[in-house]
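Accompanying notes for the structure given below.
Values in this text are rule-based calculations from the coordinates and carry no lab data. Everything quoted here is computed from the prediction, not taken from an experiment. For neighbour counting, all protein chains shown are included, and Cβ atoms are generated from backbone atoms with ideal geometry for every residue, glycine included.
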Amino acid sequence: MNDKFTLYNLKVEVIATDKPMVCNHKEGSYFIVEGEDIIFPEHNSFSMYALSAILPLLPAKQRVLHKNDWMLSDSLIACPDPNCGARFKITRTETKEFSHADCTIEPLHKGDTE
Ligand SMILES: [Zn+2]
């Protein structure tokens, strides 16, 4: 039985705005998301406060979404510091195929929905 599914890989990048950055963000700093892994390039740091605001959105951005879902259209995340001008852009890159059995010991869902 085919138990394959596909997720988007993501790139999350610091974007500058016309408002100054208060935190220690550096324009162009980024990390990559592949499956459950967050990959930070060597010699790159990322604010843990910003990361805490971004993390809940990543699993949804990895998945195919309804065309009317706001989660599909909205890809700029504000820094949690209200005085900071940084934004974080989530971009879908290539897709990657995974096996259900490689991700969980639970059996495949047998219900009437996907
Ligand atoms: Zn900030």
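Take the Cα coordinates of the chain, assign each an equal point scatterer, and use the Debye formula without solvent to give log10 I(q)/I(0) at q = 0.15 Å⁻¹. Log-scaled intensity ratios, in q order: -0.73. One chain, two ends: LYS19 and HIS66. Fully extended at 0.36 nm per residue, the span grows by 13.6 nm beyond their Cα-Cα distance.
Rounded to the nearest 20 debye, the dipole size of segment 4-97 about its Cα centre is 240 debye, using +1 on the Cβ of Lys and Arg and -1 on the Cβ of Asp and Glu.
The relative contact order of the chain, computed from alpha carbon pairs under 8 Å that lie at least 6 residues apart in sequence, is 41 percent.
Per-residue Cβ neighbour counts within 10 Å put TYR30, TYR49 in the sequence TYR49, TYR30, beginning with the fewest.
Which residues in segment 51-65 have a backbone N closer than 20 Å to a point placed 7 Å from the Cα of PHE40 along the Cα-to-Cβ line? Only 51-59 pass the distance filter. Here PHE88, PHE31, PHE40 are placed in order of increasing Cβ neighbour count within 10 Å, fewest first, which gives PHE40, PHE31, PHE88.
Among TYR30, PHE88, SER47, flag the residue with its Cα farthest along the positive direction of the charge dipole of segment 4-97, charges on Cβ as +1 for Lys/Arg and -1 for Asp/Glu. Looking along the dipole axis, the top candidate is PHE88.
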